[in-house]
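Participant: Take this structure, written in structure tokens, and hold onto it; I'll ask about it next.
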Amino acid sequence: MQLLDGKLVSEKIKAEIEIEAAEFLNQSGRKPHLAAILVGNDGGSETYVASKMKNCEKVGFKSSLYRYDSSVTEEELINKIIEINADAETDGLIVQLPLPKHIDPDRITETIDHKKDVDGFHPINLGRMLRNLPCFLPATPYGILMLLKEYKIETSGKNCVVIGRSNIVGSPMSVLMSRNDYPGNCTVTLVHSKTQNLKKIVQEADIIIAAIGKKNFVTADMVKDGAVILDVGINRETSTETKSGFKLYGDVDFEHVAPKTSFITPVPGGVGLMTIVGLLKNTLASAKKEIY
Ligand code: GUN
């Protein structure tokens, strides 16, 4: 078993991004710039957005965080998005999800200029992804592709089972793993809460991408010997063991599953760190006008 080391790979790619950001600053007189909108005080969202902003500073990007109370109206958010869309010196805009129930996430997502949609959630980017056209890929799937590439994992002709059908991870991941490209060319099965014989299907997988958001969902009896596992789960539980008061668990029962695998990502230290790299890469590509 070998670890797919998100820490090592993310640090390496961030060092490359830092060099390119410095070149961009030299040529344009400004830094690549990511704006984030955060609504309410969900603990997970606060942590993720703080980490995104911190990583921007680390690689020499400018970052702007716009915070709103959970009572903010949809119109207020829409107006802010329109204002940021029009700002020539903002390259990327993300609105952290989930949003409070009175706000329609689809309307918010579609208001973001697709040319600044560095989360890759806008229907134009998702549609272009389906057609294998230049686009911003959703950050987590993009990060997973980078990890597979870095470790030169063979994907062509393999059975890939994606667990979970979210718009953010499972659904785009299933598209990317089946497309005619590397990493890709897999035979993909997307399983979800209504799937029958889920265990049997996962047992056939050469590559498992677990993105269901349930601690220890994937157990050792579901995994064939030598499988490659990417664990997207970031399940937070309160804990007295850590300084933060929280402990993170993946969707995979790492302790019992890892010995059966050929490659596996740890949690933390795996896919989560690569998500941030995906976001930074998209923001840099936007600044450099590489996609649009
Ligand atoms: N919530 C969970 N993951 C993400 C993400 O990648 N981007 C945004 N905007 N919200 C999220």
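Values quoted throughout were computed directly from the atomic coordinates according to the rules given, and no laboratory measurement underlies them. Computed from a predicted structure; not experimentally measured. Backbone-built Cβ (ideal geometry, glycine too); neighbour counts: all protein chains shown.
Participant: Please say if the range 30-114 is rounded, prolate or oblate, where rounded means a/c under 1.5 for a ≥ b ≥ c the square roots of the C-alpha gyration tensor eigenvalues, and otherwise the choice is prolate for a/b larger than b/c and oblate otherwise?
Facilitator: The shape class here is oblate.
Participant: Which angle between 0 and 90 degrees, to the nearest 10, do you get for helix 43-58 versus the longest principal axis of the chain when only C-alpha atoms count?
Facilitator: Roughly 70 degrees, rounded to the nearest 10.
Participant: Counting alpha carbon pairs within less than 8 Å and at least 6 residues apart, what relative contact order, in whole percent, applies to the chain?
Facilitator: Relative contact order of the chain: 21 percent.
Participant: Another question, if that's okay. Where the only charges are on Cβ atoms (+1 Lys, Arg; -1 Asp, Glu), what is the dipole of the range 46-190 about its Cα centre, to the nearest 20 debye?
Facilitator: Approximately 700 debye in magnitude.
Participant: Here is a follow-up. Would you mind checking the pairs Lys52/Lys158; Lys7/Lys260; Lys54/Lys260 and listing those with alpha carbons more than 25 angstrom apart?
Facilitator: Lys52/Lys158; Lys54/Lys260, as the Cα separations exceed 25 Å there.
Participant: So, one more: From the backbone phi of the range 252-267, what are the Karplus-calculated ³J(HN,Hα) couplings (6.51 cos²θ - 1.76 cosθ + 1.60, θ = phi - 60°) in whole Hz, Gly and Pro given as x?
Facilitator: Listing the rounded values in order: 10, 6, 3, 4, 8, 7, 3, x, 8, 8, 8, 9, 8, 8, x, 10 Hz.
Participant: What residue among Val49, Ser10, Thr111 has its Cα farthest toward the positive end of the dipole of the chain, where the charges are +1 on Lys, Arg and -1 on Asp, Glu, each on the Cβ?
Facilitator: Ser10
Participant: Here is a further query. Fewest Cβ neighbours within 10 Å first, please rank Val218, Val72 accordingly.
Facilitator: Listed from fewest to most nearby Cβ atoms, that is Val72, Val218.
Participant: While we're on this one: Return Phe263, Phe246 ranked ascending by Cβ neighbour count within 10 Å, so the fewest neighbours appear first.
Facilitator: Going from least to most buried by this count: Phe246, Phe263.
Participant: Okay, moving on. Compute, for the range 30-114, the length of the dipole vector about the Cα centre, with Cβ point charges of +1 (Lys, Arg) and -1 (Asp, Glu) only. Units Debye, rounded to 20.
Facilitator: Using only the charged Cβ atoms, the result is roughly 520 debye.
Participant: So if we plug the beta-carbon distance of His192 and His256 into 1/(1 + (r/R0)^6) with R0 = 25 Å, what FRET efficiency do we get, rounded to 0.05?
Facilitator: E between His192 and His256, to the nearest 0.05, is 0.60.
Participant: So what is the 222 nm mean residue ellipticity for the chain from helices alone, if each DSSP H run of at least 4 adds -39500 (n - 2.57) and you divide by all residues, rounding to the nearest 500 deg cm²/dmol?
Facilitator: -12000 deg cm²/dmol
Participant: Check Val95: other-chain or 5+ apart residues with amide H under 5 Å from its amide H, H built from backbone geometry?
Facilitator: It is Ile37, by chain and number.
Participant: Moving on to the next point. Note the full-extension length gain between Lys200 and Asp181 as 0.36 nm times their separation in residues minus their Cα-Cα distance, in nm to one decimal.
Facilitator: Gain on extension, Lys200 to Asp181, equals 4.1 nm.
Participant: Longer than 19 Å from Cα to Cα, which of Lys62/Lys116; Lys152/Lys289; Lys149/Lys247; Lys116/Lys281 are they? Say none if no pair is.
Facilitator: Lys152/Lys289; Lys149/Lys247
Participant: Give the cysteines in the chain for which no other Cys Cβ lies under 4.7 Å away, or write none if there are none.
Facilitator: Lacking a cysteine Cβ partner under 4.7 Å: Cys56, Cys135.
Participant: Picking from Asn216, Val162, Thr195, whose Cα lies most toward the positive end of the charge dipole for the range 132-259 (charges on Cβ: Lys, Arg +1; Asp, Glu -1)?
Facilitator: Thr195
Participant: Can you tell me the orientation of helix 6-28 relative to the chain, as the angle in degrees between its alpha-carbon axis and the longest Cα principal axis, to the nearest 10?
Facilitator: With both axes taken from Cα atoms, the answer is about 20 degrees.
Participant: Report for the range 139-273 the percent antiparallel among DSSP-assigned beta bridges with both residues inside it, nearest 5.
Facilitator: 20 percent
Participant: Describe numerically, in nm with one decimal, the distance between label points set 7 Å from Cα along Cα→Cβ at Asn26 and at Asp221.
Facilitator: Label-label distance for Asn26 and Asp221, simple model: 6.0 nm.
Participant: Out of all DSSP beta bridges in the chain, what portion is antiparallel? Express it as a percent rounded to 5.
Facilitator: Here the share of antiparallel DSSP bridges comes out near 10 percent.
Participant: Under a point-charge model restricted to the Cβ atoms of Lys and Arg (+1) and Asp and Glu (-1), what is the dipole moment magnitude of the chain relative to its Cα centre, in debye to the nearest 20?
Facilitator: That gives the chain a dipole magnitude of about 420 debye.
Participant: Calculate one ³J(HN,Hα) per residue across the range 128-144 by plugging θ = phi - 60° into the Karplus curve 6.51 cos²θ - 1.76 cosθ + 1.60, and present them in order as whole Hz with x for glycine and proline.
Facilitator: 5, 4, 4, 8, 6, 9, x, 6, 7, 7, x, 4, 5, x, 4, x, 5
Participant: Here is a follow-up. Could you give me the ³J(HN,Hα) list for the range 164-179, computed from phi with Karplus coefficients 6.51, -1.76, 1.60 and θ = phi - 60°, whole Hz, x at Gly and Pro?
Facilitator: x, 10, 5, 5, 7, 10, x, 5, x, 5, 5, 5, 5, 6, 9, 6
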